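To start, the structure under review is shown below, and the notes come after it.
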Amino acid sequence: MTSALNIDLDSHDTRILAELQADARLTMAELGRRVHLSQPATTERVRKLEAAGVISGYRATVNLAKLGYGIRAIIRIGRAEYARMIKLVQSTPECINAYNVTGEDSWVLEIAVIDVRHLDAVVTKFCLLAETATSIILNPAREHQAMLPPHSADVKPLIRKVTNA
């Protein structure tokens, strides 16, 4: 299979990606056992994936509630001056993710705050730039989904086109 960067990824590479996304702390020996390759071969493949930019980093996932952040929320923001928005996002440590998007909203932010009072303080900063709408996240249904290379056979239209013969 060929990715957008013209890198040939075989089934071993795909399995390595799946395993590392599930647990990036695996030793190369354990990773090799799981994907049925020797440790040196596994190490070489991981380095190849890193050098190609397929693997762009490793990180720890933390439990925000255990750190004292009792509320996570999504803030949708209307049109705002791009440079001012970027500056505000970068100066807001509560902002976990920020996306410049198309559609009715220009920005979608995910934030983590201690409580409702803290939520109000953070949202108010963004309200000064543009109209906002805020939703508190009650229960994340999916997070940190492992992603593997797409297969065109997996993408099927929901509706078949009817052609007149």
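The numbers here are math on the coordinates, done by the rules we state, and not lab data. Since we're looking at a predicted model, the values are computed, not measured. Glycine also receives a Cβ, built like all others from the backbone with ideal geometry; neighbour counts cover every protein chain displayed.
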Asserting the computed 222 nm helical MRE of the chain (DSSP H runs at least 4 long, -39500 (n - 2.57) per run, divided by residue count, to nearest 500) equals -10000 deg cm²/dmol
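Take each complete run of DSSP H in the chain, measure how far its Cα atoms stretch along the helix's own axis, and keep only those covering 15 Å or more with mean Kyte-Doolittle hydropathy at least 0.0; list them. Don't skip to the answer; put the middle values down first.
On the way: long enough: 11-22 (17 Å, -0.33); 39-51 (18 Å, -1.14); 116-127 (16 Å, 0.64).
The answer, listed by residue number, is 116-127.
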Residue order, fewest to most beta carbons within 10 Å, for T163, T132
T163, T132
How long, wide and thick is the chain, going by the Cα atoms along their three principal axes, in whole angstroms, largest first?
59, 55, 31
Quick calc, R33 & T102: beta-carbon distance into FRET formula, R0 35 Å, rounding 0.05, result 0.20
Would you please state which residues of region 64-104 a label at A141 would reach in this model, taking the label point 7 Å out along Cα→Cβ and a backbone N cut-off of under 19 Å?
72-76
Below 13 Å, Cα to Cα, which aspartates and glutamates can K125 reach? Residues fewer than 8 away in the same chain don't count.
E94
Apply the Karplus parameterisation 6.51 cos²θ - 1.76 cosθ + 1.60, with θ equal to phi minus 60°, to every residue of region 135-145 and state each ³J(HN,Hα) to the nearest whole Hz, in sequence, with x for glycine and proline.
10, 7, 7, 7, 7, x, 7, 7, 9, 6, 5
